[in-house]
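The values are calculated or read from the model by the stated rules, or taken from the named source; none is laboratory data. The shown structure was predicted, so the numbers you read here are calculated from the model rather than taken from an experiment. Neighbour counts run over all protein chains shown; Cβ positions are idealised from the backbone, glycine included. Protein only, heavy atoms only, side chains kept; ligands, DNA and RNA dropped before computing areas. Shrake-Rupley method; radii C 1.70, N 1.55, O 1.52, S 1.80 Å.
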Amino acid sequence: MNSQTKTPLLDALRDRTNQPHSPFYAPGHKRGQGISGPLVELLGAQVFQADLPELPELDNLFNPEGVIAEAQNLAAEAFGAEFTWFLANGSTCGIMAAIVATCGPGDKIILPRNIHSSAISGLILSGAIPIFVNPEYNSDWDIANSITPEATAAALKQHPDAKAVMVVYPTYHGVCGDLRAIAKITHQYNIPLLVDEAHGAHFNFHPNLPESALSAGADLTVQSIHKTLGAMTQASMLHVKGSRVDIQKINRALQLVQSTSPSYILLASLDAARQQIALHGEQLMTQTLLLAEKARSQLSQIPGLSVLEPLNIPGFAALDRTRLTVKVSELGITGFAADEILHSQFGVTAELPMSQHLTFIISLGNTESDIDNLVKGFQNLTHNLGGGHGGTAPTTAGGLEAQPLLPTIKSTLCGTGILPVLENGARSQCGQDAHPTRKCTLCGTGILPVLENGARSQLGFPPPPLSPREAFFSPTETVAADKACDRISAELICPYPPGIPVLMPGEIITQQALQYLQQILSAGGKITGCSDPHLQTLKVVRQ
């Protein structure tokens with residue numbers, strides 16, 4: 001019998017749920033008896049009966065010897081790992097643990113500037129020093145791709161004492177870099193390649209998807225099983241392959257960042273999702289890819305819309321075709337405005353709206369009806385806008401006219417945002433200098449050399465004035481936003497999703513960064529991490 005048919009943790013939880021007994025242990029609702037009536041009406045009673053703690057039959061996440069150990073071993077086999085850990089605190093805790101387990105105070109780690117905010121939290125916990133590398137930037141789409149093997153090699157040559165390299169694979173938009181080449185370069189320095197593969201848990205289960213990070217040579221990868229497979233929100237996995245990552249250090253790091261009261265419902269959902277994808281993965285992914293291709297084909301025929309396709313440009317080695325990015329800027333509105341209209345008027349909700357486009361996750365849970373609604377929503381949107389040729393703008397849910405795109409130029413370093421342009425077309429201050437260098441127009445954390453032909457240098461930029469940990473624990477003060485420029489940020493501020501920081505502790509605050517954040521707010525985006533949600537004030541390191 002195929003061992004992947006087993007669900008040891010799910011079975012154990014089912015057995016304990018169905019066995020009557022008198023509970024004198026947490027949680028306080030006592031198998032649902034103390035749950036509020038309206039919540040039971042919404043979710044049903046059965047789920048609360050399964051909300052159990054670390055009973056003897058259910059094993060212990062931090063010292064697994066029974067059903068959790070068996071379930072994790074089955075997951076390692078299915079995902080191509082040697083060791084797998086279940087995560088009940090999302091990929092966030094996995095990314096943090098990966099950094100803590102491989103880097104100590106003062107150690108360098110090479111990573112892209114468009115890294116998720118959880119990596120910055122890992123830097124704060126570990127005391128590691130970030131060596132940022134530029135992700136390649138697609139100006140036509142306003143999308144940051146991957147870092148390149150050449151940029152990785154340059155960073156390692158400049159910082160051969162780095163303890164690890166971390167990359168994002170795939171990006172939020174489904175873009176995959178040449179991970180196999182990056183792994184080969186990284187391993188020449190005998191250090192591990194850590195991968196934020198939060199959006200790529202499905203890669204290992206269909207030949208028409210990009211290869212999985214472990215197959216490409218990664219030493220450690222973190223996957224959000226809930227994002228693209230059939231687990232519950234917050235349920236993720238951390239996988240290790242090879243000997244470059246110390247298993248015991250991972251165990252200790254996870255004890256720092258995981259709850260000591262993990263939800264067994266989340267853990268059991270990982271067991272069930274693993275069984276489902278291991279047994280039926282190719283069939284489910286074939287169906288998902290067909291739905292994605294239907295959406296891609298029909299949307300690309302709608303005037304005024306463009307759909308992201310694989311591009312032969314640096315940092316773009318492959319595209320996850322279950323990830324659908326639709327550009328709406330030719331319609332004369334922002335992705336934020338389009339998202340609000342699609343959601344409120346047509347019942348279609350995107351995963352990630354940005355200035356020029358919206359990104360949709362198509363997964364094994366989507367149906368033919370979902371795709372039809374998606375296409376109809378865009379057809380109605382473009383019809384109301386006159387097909388992108390000057391029609392009447394639709395209104396948002398609040399009755400305001402949808403905000404048109406602002407005149408912009410792209411971030412020349414981070415690729416995570418856009419920079420306002422003055423009415424006369426000139427750049428705002430602190431942009432392009434007369435001499436052959438180009439400052440980062442978003443982060444402002446360094447000066448990026450420009451080659452004689454005008455191309456960007458592959459190298460990143462110097463470490464920030466303070467490490468994220470030093471800045472986080474430094475005395476702070478709150479200042480007006482217009483007084484914050486050239487001060488050192490004490491906050492981790494980012495639009496979310498995608499959770500890519502614009503400002504992080506230890507970085508110099510620039511006018512460009514503030515302008516970008518204000519533009520995100522005015523266009524309908526969301527900003528997290530700032531003590532003042534209106535960005536009228538900022539926390540800075542006290543001088």
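Summary of computed values
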{"quantity": "Mean Cβ count within 10 Å, highest first, over the residues of peptides 127-133, 261-267, 536-542, 307-313", "calculated": "127-133, 261-267, 536-542, 307-313"}
{"quantity": "Computed lengthening from residue 309 to residue 373, 0.36 nm per intervening residue step minus Cα-Cα distance", "calculated": "20.9 nm"}
{"quantity": "For residue 536, net neighbour charge (Lys/Arg +1, Asp/Glu -1) across residues whose Cβ lies under 14 Å away", "calculated": "-1"}
{"quantity": "Average projection area in nm² (convex hull over Cα atoms of the range 241-282, one quarter of hull surface)", "calculated": "4.4"}
{"quantity": "Mean Cβ neighbour count within 10 Å, used as a protection proxy, ranking 115-124, 11-20 highest first", "calculated": "115-124, 11-20"}
{"quantity": "Approximate spin-label separation residue 282-residue 543, in nm, with each point projected 7 Å along Cα-to-Cβ", "calculated": "6.5"}
{"quantity": "Global size of the range 202-293 as Cα Rg and Dmax, reported in angstrom", "calculated": "14.8, 44"}
{"quantity": "Simple Cβ-charge dipole of the range 168-299, Lys/Arg +1 and Asp/Glu -1, about Cα centre, in debye nearest 20", "calculated": "120"}
{"quantity": "Those lysines that a straight Cα-Cα span of less than 28 Å connects to residue 327, excepting residues fewer than 8 apart in one chain", "calculated": "227, 294, 376, 410, 439, 526"}
{"quantity": "Alpha-carbon radius of gyration plus Dmax, which is the widest Cα pair, for the range 243-385 in Å", "calculated": "19.4, 59"}
{"quantity": "The range 53-158 - Rg (one decimal) and Dmax (whole number), Cα, Å", "calculated": "17.9, 57"}
{"quantity": "Net charge contributed by nearby residues that have their C-beta within less than 13 Å of residue 348 (K/R +1, D/E -1)", "calculated": "-4"}
{"quantity": "Net charge over other residues, Cβ less than 15 angstrom from the Cβ of residue 311 (K, R count +1; D, E count -1)", "calculated": "-2"}
{"quantity": "Protection proxy ranking of 95-102, 521-528, 78-85 - average other beta-carbon atoms within 10 Å, highest first", "calculated": "95-102, 78-85, 521-528"}
{"quantity": "Segment residue 29-residue 233, length gained on full extension (0.36 nm per residue, minus Cα span)", "calculated": "71.3 nm"}
{"quantity": "Stokes-Einstein D in µm²/s, Kirkwood radius over Cα pairs - the range 294-353 at 20 °C with 1.002 mPa s viscosity", "calculated": "168"}
{"quantity": "Isotropically averaged projected area of the range 115-236, using the convex hull of Cα atoms (one quarter of hull area), nm²", "calculated": "8.2"}
{"quantity": "Placed amide H near residue 83: partners under 5 Å, 5+ positions off or other chain", "calculated": "240"}
{"quantity": "Hz values of 3J(HN,Hα) by residue in the range 67-77 - Karplus curve (6.51, -1.76, 1.60), Gly and Pro given as x", "calculated": "5, 5, 4, 5, 5, 5, 5, 5, 5, 4, 5"}
{"quantity": "Residue 494 accessible area, assembled protein chains, probe 1.4 Å, Å²", "calculated": "0"}
